[in-house]
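Quick notes on the structure that follows.
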Amino acid sequence: SGRGPGRAARVRTGAMTNAGGGFAAPLRFRGSNFLRQRLCLATISGRAVVISDIRPRDERPGLRDFEAAFVRLLDKLCDGSEISIDETGTTLRYRPGQILGGDGLVHNCPPSRGLTYFLEGLVMLAPLAKQPLSIRLRGLTNGGPDPSCDTFRTATLPLLAKFGISEQLVFKVLRRGAPPEGGGEVIFNCPTVKGIQPVEVLDEGKIKRVRGVAYTTRVSPQFAARMVDAARGVLNDFLPDVWIYSDHSKGKQCGDSPGYGLSLVAESISGCLKAADACADLADGLADASDGKAGASAKKAASSEGGSEDAYLGTPEAVGAEAARRLLAEIDLDGVADTAHQALVLYFLALGEETRPGRVRL
């Protein structure tokens, strides 16, 4: 396969068949939890899986649109895979093929999840592919429950470099897509590697600086300055070295919906990165952000219903302060990686060679 005698290559070729020469029995799982991780691990191990009882009692049973889109993405990335979904969508049978990679791939992602939902799956598989990967993804670049594409660029990609995945690693945001319509577009190029380098990071160190990106699309560029001021008002109580870049999208760089948000990354003296971000909730329109009066009433409504005032992110000040508080919460948890990247760290540690184990402190 061209990946050398690494552990990942041995597992990939040895788990496809049993001692009699036939296919090994598929692994069986129930429920929709960790669907993406199960499919990716099945792909690198060459083991077929059957996932049943996917939301059988839900009002909309079966796979969601973003899960079906991820399955289609795997089909584009691999050659010879077999995918079967029953009529109700509650049972998925997947027999993986060979990870090919390739260039010129294009995939449309539904706006129900961010593009990083799909990018994280590509990061797990693309380094082990037969050819370097070059893909164009279209969908939601910022917003939703997933980390933003800015966090992916400033925190996830440097994490890959620690494991030896850095050369020819390219990520560009061509268009910013905000909820609910999305319309964003990114390009991701990932090289192949012969093996995963072992790492040993046991000391997270003190935080020495914070960097960030405040983005706006189809709204006033002044919103970025207001987010920056609110974030600095929280962070400057702890350290002075805070610099946040303002990125205003206009023209062809805009997606289909207005939006704004903030992505922050804290770097320690030992080189560890921790990230957090927040996106505006524009379900009630932009009037809240323009004068602040409606936003204040919405905050009181949220507080009276038992939630916190910070749950409503309808103003740039609320977005900036919430992103800063989330970053401080990640720093307070200690460890060398934030909660969004811990699973990725463990994944690459498992792919390392047995004779050269790695150690990290989470």
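Quickly work out the LYS250-to-ASP103 label distance, labels modelled 7 Å from Cα along the C-beta direction, and quote it in nm with one decimal.
3.4
Please report the antiparallel percentage of the DSSP beta bridges confined to the chain, to the nearest 5.
About 65 percent, rounded to the nearest 5.
Against the longest principal axis of the chain, how steep is helix 293-304, in degrees 0 to 90 to the nearest 10, with axes from Cα atoms?
It works out to around 60 degrees.
Using mean Cβ contacts within 10 Å as the protection proxy, how do 219-230, 166-177, 56-67 order, highest first?
Most protected by this proxy first, the peptides run 219-230, 166-177, 56-67.
How much length is gained on full extension from LYS130 to PHE238, taking 0.36 nm per residue of separation minus their Cα-Cα distance?
34.2 nm
Under 1.5 on a/c is rounded, so check that first for the stretch 127-266, then, if it is not, pick prolate when a/b is larger than b/c and oblate when it is not; a ≥ b ≥ c are the square roots of the alpha carbon gyration tensor eigenvalues.
Numbers: a/c = 2.87, a/b = 1.17, b/c = 2.45.
It is oblate, given that a/c is not under 1.5 and a/b is not larger than b/c.
Does the stretch 62-193 come out rounded, prolate or oblate, given a ≥ b ≥ c as the square roots of the eigenvalues of its C-alpha gyration tensor, rounded meaning a/c under 1.5 and, failing that, prolate meaning a/b above b/c?
Cα axes put the stretch 62-193 in the oblate bin.
In Å³ and rounded to a whole number, note down the convex hull volume per residue for the Cα atoms of the chain.
147
SER246's amide H: which non-local residues (gap 5+, or another chain) put their own amide H closer than 5 Å, with H modeled 1.01 Å from N in plane and none for Pro or chain starts?
For SER246, the qualifying residues are ALA214.
Under the rule of -39500 (n - 2.57) per DSSP H run of 4 or more residues, summed and divided by the residues of the chain, what mean residue ellipticity at 222 nm is obtained, to the nearest 500 deg cm²/dmol? Working shown, then result.
Working: 10 runs with 107 residues, N = 362.
Calculated mean residue ellipticity at 222 nm is -9000 deg cm²/dmol.
Using a 1.4 Å probe, what is the accessible area per residue for the chain, in Å²?
47
Report, to the nearest 10°, how far helix 316-332 tilts away from the longest principal axis of the Cα atoms in the chain, using its own Cα long axis and a range of 0 to 90°.
50
What residues of the stretch 130-163 lie in the reach of a label at ARG359, counting those whose backbone N is under 20 Å from a point 7 Å from the Cα along Cα→Cβ?
Of the residues in the stretch 130-163, 162-163 have backbone N under 20 Å from the label point off ARG359.
Which residues does the label zone of ASP79 cover in the stretch 112-151, counting backbone N under 20 Å from a point 7 Å along Cα→Cβ?
Within reach of a label on ASP79, which here means backbone N under 20 Å from a point 7 Å along Cα→Cβ, the stretch 112-151 contributes 122, 125-136.
Counting only the backbone N, which residues of the stretch 343-359 are under 15 Å from the spot 7 Å out from the Cα of SER270 toward its beta-carbon?
358-359
What distance in nm separates the two pseudo spin-label positions at ASN189 and ALA343, each 7 Å out from Cα along the beta-carbon direction?
Those two pseudo-labels are separated by 2.9 nm.
Could you tell me the distance between the Cα centroids of the stretch 223-284 and the stretch 81-123, to the nearest Å?
So the separation of the two Cα centres works out to 30 Å.
Sort 254-260, 351-357 by the packing proxy (mean of other Cβ within 10 Å over each peptide's residues), most packed first.
254-260, 351-357
The values are calculated or read from the model by the stated rules, or taken from the named source; none is laboratory data. Treat the numbers as computed from the prediction; the structure is a model and nothing was measured. All Cβ positions, glycine included, derive from the backbone under ideal geometry; neighbour counts span all protein chains shown. Protein only, heavy atoms only, side chains kept; ligands, DNA and RNA dropped before computing areas. Shrake-Rupley method; radii C 1.70, N 1.55, O 1.52, S 1.80 Å.
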